[in-house]
Each structure stands twice: as C-alpha cells, then as structure tokens.
Amino acid sequence: MRTRDRSKLTTASWAGAAFILVITICAFTLPSRVAAMVTGFASAASCLAVAINMGWTGRKARGADRRWRILIGAAAIPTAVATAWHIAWISGHGTAIPAHVPWAADGFLLIVVLYLAGVLAFPTDPLDSGRDSSSLGREGFHWYVITALDSLVVVGALFLLAWLTILKPIAEMRHFDTAGLVSSLATVAGYLLLLAGLVFLSVFRQPRSAFALALLGAGLTGMMASTVIYFVVFATGGHGTAPIVDVVSTLGWLLILLAGLVPMPESETPVRRGPIPLS
C-alpha cells in the first residue's frame with residue numbers, strides 16, 4: 001500500500017471513530033426520541049457516504065475493481081432512501097417500529113441482488129493461479145453462478161430451520177402485519193445471503209485484498225446484527241429499539257466505506273497473450 005493511500009485510510013479511520021464516538025454519546029444522553037432520530041440520520045448519512053465514495057473510487061478504478069464498487073454504491077442509494085423514510089416515520093409517530101410497513105418495502109429484495117452482484121464481483125483470483133489463462137477465463141462465469149446458488153441453498157436451509165424451531169411458534173402466538181413480517185424476514189435473509197457469498201468468496205477464491213474483504217464482511221455483519229435486532233423487537237410486539245442499534249448500523253456502513261478506500265492490488269493471474277510472430 002502506498003504512503004498516500006495509507007495516510008488517506010488512516011485519516012478516514014480516525015474520522016470514522018470520532019463520528020461513532022459522538023453518535024454513541026448522543027444515543028446514551030439525549031431523550032430517546034431525539035436520540036433515535038439523530039442515530040438514524042447518522043446511519044442514513046453514512047449509507048449515502050458509501051454510495052458517494054464507491055461511485056467516486058469506482059470512476060477511477062478499472063475492471064473487477066470498478067464493478068464491485070459501482071454495484072455496491074448503486075445499491076447503497078435506495079438503502080439510504082429507505083433509511084430516510086424510517087427517520088420520517090420516527091419523527092411522525094415517535095416509534096422506531098412501524099405499525100404497518102408498505103409492500104414497496106419488499107423492493108429490498110431487488111437491492112439485495114445488487115449487493116450480491118457487488119460482493120461476487122469483488123476482485124479475486126482462482127486458488128490455482130498457475131494454470132493457463134484460457135482455462136481461468138472459462139471457469140469465471142460458472143464460479144459466479146455456483147457461488148450464488150450455494151449461497152441460496154445455505155441461507156434457505158438456515159431459514160427453514162429457524163422457521164420450524166423459532167419463527168413459526170412466534171407467528172402462531174400473535175397477529176402480524178403481513179407486509180412488515182415479509183419485509184423483516186426478507187431483509188434478514190438478504191444479509192445472510194450476502195455473508196454466505198462472502199464466506200464462499202474467501203474460502204474458494206484468492207481475494208486480491210484480504211483487508212478490504214474483511215472490512216466489507218465486518219460492515220455487512222454489523223448491518224445484519226442491527227436488522228436481526230429490529231426483527232426480534234417486531235416479532236415480540238415491541239414498538240422501539242435502543243438508539244445504540246442504529247449506532248451499530250452506522251458502524252457497519254463506515255466499515256464498508258473504509259473497504260472502498262483500500263487500494264486493490266493488480267491480479268497475479270497470468271495474462272493471455274497472442275501468438276508470438278515468427279521471424
């Protein structure tokens with residue numbers, strides 16, 4: 001990593017840490033409704049910062065390094081809009097858990113597709129990078145399809161197990177807003193799908209930057225943790241969550257932002273060359 005890139009990453013890390021510290025203090029000291037709005041706004045601002053950062057760095061990148069940044073940045077824009085809607089709900093109703101969720105919220109499934117495409121487009125090389133480039137090129141597309149299907153199978157199995165052991169008994173005990181239940185479950189399953197894709201990526205491929213992939217994974221884990229807490233509160237009939245939940249969400253977005261600031265090394269895969277002309 002060049003000195004300039006390391007300095008930029010260090011500065012962003014310290015700024016992010018200071019931001020999280022301020023938001024955490026607000027979460028514990030301000031009145032609950034005000035704290036929820038402040039932390040929610042911080043989460044939306046961090047999400048928007050990810051979209052801008054990924055778009056800016058993606059504009060200057062090339063190849064796979066450009067694709068994953070553009071895809072993640074594009075997915076962050078509607079996510080920021082959804083977070084802004086959540087802040088408006090808190091402002092108007094005083095609770096963090098909506099009583100009725102519009103069916104349009106299920107559009108998050110389309111956003112998950114963008115996120116998954118961005119995760120799978122993260123620059124990696126095959127584990128066996130010593131093979132000829134023609135065989136490497138043929139395996140690329142198949143690997144993306146297999147990884148996406150494997151992720152779906154793993155998440156589907158986990159979701160079925162959770163439904164039979166935990167979710168179904170809870171659903172039978174009380175009445176739920178159908179749109180809210182579907183949206184919450186889809187959001188949790190979406191983040192599980194992204195994390196499964198990241199695991200397969202790290203195990204069966206060689207990430208060009210393990211540090212950037214770790215930051216991306218940590219950020220998505222933070223997002224999923226806050227989403228799971230929201231779902232648990234919704235499933236148990238609660239009307240609000242502690243503002244610290246939005247602090248976790250904000251931290252997740254900042255980690256993803258830092259992942260976008262990590263410079264990506266060039267591929268070590270041999271480049272395919274044309275035939276050498278005979279003299």
* **Full-stretch length increase - Trp56, Val228 - with 0.36 nm per residue and alpha-carbon distance subtracted** => 58.8 nm
* Expressed in nm to one decimal, what extension gain is obtained for the pair Ser13 and Trp85 from 0.36 nm per residue of sequence separation less their Cα-Cα distance? -> 23.1 nm
* Assigned charges on the beta-carbon of Lys, Arg, Asp, Glu; the stretch 1-91 dipole about Cα centre (debye) -> 560 debye
* To do: Express in nm, to one decimal, how much length is gained between Thr29 and Thr221 on full extension, taking 0.36 nm for each residue of separation and deducting their alpha carbon distance.
  => 66.5 nm
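Could you list Phe122, Phe231 in order of exposure, starting from the residue whose Cβ has the fewest other Cβ atoms within 10 Å? List each step's numbers first, then the result.
Values: Phe122 26, Phe231 19.
Least crowded to most crowded, the residues run Phe231, Phe122.
Among 110-119, 21-30, what's the highest-first ranking by average C-beta atoms within 10 angstrom per residue?
Numbers: 110-119: 19.5, 21-30: 14.8.
So the order, starting with the most tightly packed, is 110-119, 21-30.
Each reported figure results from applying straightforward, stated rules to the coordinates on display, with no laboratory input. What you see is a predicted model; the values in this text were computed from it and never measured. All Cβ positions, glycine included, derive from the backbone under ideal geometry; neighbour counts span all protein chains shown.
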